[in-house]
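Visitor: To start, I am sharing the structure in question, which I have written as structure tokens.
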Amino acid sequence: MNFKRICIFILLTTMVISLGLFVGGQAATGQKTTIEWMQWYAPHMKKGGMDRILDSFHVEHPEIQVELVTIPFGKMREQILTSTIVGKAGDVLGLNPPWNAGFVDANALEPLGSYLSSAREINPEDLAHAVIQEYKGQVWMVPLTAFPFVMFGNKDRMREAGIGTPPSTWEELKEVALKMTIPEKGQYGYAIGMSSLPPSNGPIIDVYPMLYTAGGRTVKNEMSNLDSPEVVETLKFLKGLNDSGAVAPGLNTMLQTQKVERFSAGEVAIILNNQANIETVYLRNPDLNLVVFPVPKKKKWAYRMHGWMLGISSKSKHKKEAWTLIEWLLTPQVNGPFSELSRQLPGNLAASLDITDPNIAICEYMLLSHEGVEELMLTKQAPASWRIFVEELQKMFADKQDPVTTAKNAHKRWNELFATAE
């Protein structure tokens, strides 16, 4: 190699090294990692709430940029599964507890055990236990928020009907629902949403919470328990309530979102739904005099436990950064304000809330005092089981079969479904 070539080689090498240091320096100090957060939460929070939360995160973690991807809840499950198949399911996923087993079996989620064991900003023991459950030896999702399923009541409609206190038993619920039913005015005391359209979640909203107050369960030893006396008793009550005329017509085609809309419009006096929809009702009708109360009991005070859950996509290319966001959201100093902005309770029970809304206070009392149940996280093919139950319940409400036959048929079909997941 002659002197001229040596000089050119040294010059080029110096330029490459300098360029590498420059690029490396930019990557280390200026370049951001962008992660996607797929969720349906933002529209259900106080106006601008999610933006304020993410602005704070970006200030504390300038190296990470969060892109919020908002998808309607009814389309979220299929969107995650479809995106997983093509390898583009985002990074942080907003999740529903009943999706747990199915998503794990579909290889859609990253196991969180190692992240939780090495967590520095949170104590995993402080997370709401009813929605922290292991499946196949691992935890796959963690609770951003926690909340019970409760009754929503129109206080003005109740007062007009001479009802001083909310119903506390099944019998009282039927009695007050009838008192508030005035068909000629298009007003009904109660509503049930049993549409077969996705997400077909009528049973887990309108049946399960009632069943739990009767001491029943839908699954036992990983098999169907739908033929149990408690399930039959619950179905008989709901069928009788509908037959009384107190339930708004069209329940077999009514979506849960439509049920909330009809309640917000004052057409229905009482519905069963989750705490997260308190904010939805306030947004739809700020003038509605809302009262929240526990699900009327048959034998015991109990509620269906739920929460907005978080997980990491198995296809994520930025799992470390995804966990950084999740852990930050779960810290007490963030989790409390986030829960207030969504009118829910914290998934981290160490977080404190400044509760000024009496309806949220009632939910907190239930969370701490009544029995919380979440059995769907470990139910195999849970969404498919809802669809089966919906089909049988629709026959019952259409007078094509009685509650005993409904329970028997759904029980048989569930066990056949569960057998395919072995």
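Visitor: Determine whether residue 223 is at pLDDT below 95 and closer than 20 Å to residue 392 by Cα.
Guide: For residue 223, the condition - at pLDDT below 95 and closer than 20 Å to residue 392 by Cα - is met.
Visitor: Output the residues belonging to region 103-121 that are surrounded by fewer than 19 Cβ atoms within 10 Å (Cβ to Cβ), of a type outside the set (A, V, I, L, M) and at negative phi.
Guide: 105, 111, 113, 114, 117, 118, 120, 121, listed by residue number.
Visitor: Among (1) out of contact with any helix residue (DSSP H, G or I) (no Cβ under 8 Å at 6 or more places or on another chain); (2) under 17 Å from residue 158 (Cβ atoms); (3) small (Gly, Ala, Ser), there is one condition residue 250 misses while meeting the rest; what is its number?
Guide: (2)
Visitor: Can you name the helices (runs of 4 or more DSSP H) wholly within region 170-242 that have at least 3 residues being touching a Gly at 6+ places or on another chain (Cβ under 7 Å) and more than 17 Å from residue 414 (Cα to Cα)?
Guide: Where helices (runs of 4 or more DSSP H) fall fully within region 170-242 and carry at least 3 residues being touching a Gly at 6+ places or on another chain (Cβ under 7 Å) and more than 17 Å from residue 414 (Cα to Cα), they are 170-179.
Visitor: Condition check: within 24 Å of the chain's Cα centre (by Cα) and of a type outside the set (Ser, Thr, Tyr). Does residue 173 satisfy that?
Guide: Judged against the criteria, residue 173 is not a match.
Visitor: While we're looking at this one, here's another question. Could you say whether any residue in region 299-318 is under 18 Å from the mean Cα position of the chain (by Cα), surrounded by fewer than 23 Cβ atoms within 10 Å (Cβ to Cβ) and of a type outside the set (Lys, Arg)?
Guide: no
Visitor: Can you spot a residue in region 258-276 that is part of a helix (DSSP H, G or I) and surrounded by 23 or more Cβ atoms within 10 Å (Cβ to Cβ)?
Guide: yes
Visitor: Continuing with this model, one more query. Select from region 131-158 the residues that are under 16 Å from the mean Cα position of the chain (by Cα) and surrounded by fewer than 20 Cβ atoms within 10 Å (Cβ to Cβ) and list them in ascending order.
Guide: Matches in region 131-158: 133 only.
Visitor: Starting from residues that are among the hydrophobic types (A, V, I, L, M, F, W, C) and within 25 Å of residue 72 (Cβ to Cβ), keep the ones in region 331-351 and report whichever is surrounded by the fewest Cβ atoms within 10 Å (Cβ to Cβ).
Guide: If we take residues in region 331-351 being among the hydrophobic types (A, V, I, L, M, F, W, C) and within 25 Å of residue 72 (Cβ to Cβ), then 341 is surrounded by the fewest Cβ atoms within 10 Å (Cβ to Cβ).
Visitor: Considering only residues that are within 28 Å of residue 31 (Cβ to Cβ) and not basic (Lys, Arg), which ones fall in region 81-108?
Guide: 83, 84, 86, 87, 89, 90, 91, 92, 93, 94
Visitor: Given the structure, is residue 356 in the same structural domain as residue 296 (by TED's automatic domain parsing) and either over 16 Å from residue 149 (Cβ atoms) or at pLDDT below 95 (or both)?
Guide: When the stated conditions are applied, residue 356 does not pass them.
Visitor: Also, I was wondering about something else. From the list 176, 219, 232, which one is touching an Asp or Glu at 6+ places or on another chain (Cβ under 6 Å) and assigned by TED's automatic domain parsing to the domain that holds residue 271?
Guide: Result of the check over 176, 219, 232: 219.
For every residue, the table says whether it meets (1) more than 19 Å from residue 205 (Cβ to Cβ); (2) at pLDDT 95 or above; (3) crowded, with 20+ Cβ neighbours inside 10 Å; (4) in contact with a Phe, Trp or Tyr (Cβ under 6 Å, 6 or more places away or on another chain).
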| residue | (1), (2), (3), (4) |
| --- | --- |
| 360 | yes, no, yes, no |
| 370 | no, no, no, yes |
| 377 | no, no, yes, no |
| 380 | yes, no, yes, yes |
| 392 | no, yes, yes, no |
| 398 | yes, yes, no, no |
| 404 | yes, yes, no, no |
| 416 | yes, yes, no, no |
| 419 | yes, no, no, no |
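The values are calculated or read from the model by the stated rules, or taken from the named source; none is laboratory data. As the structure is a prediction and not an experimental result, all values here were calculated from the model. With ideal geometry, Cβ positions are generated from the backbone for all residues, glycine too; neighbour counts draw on all protein chains shown.
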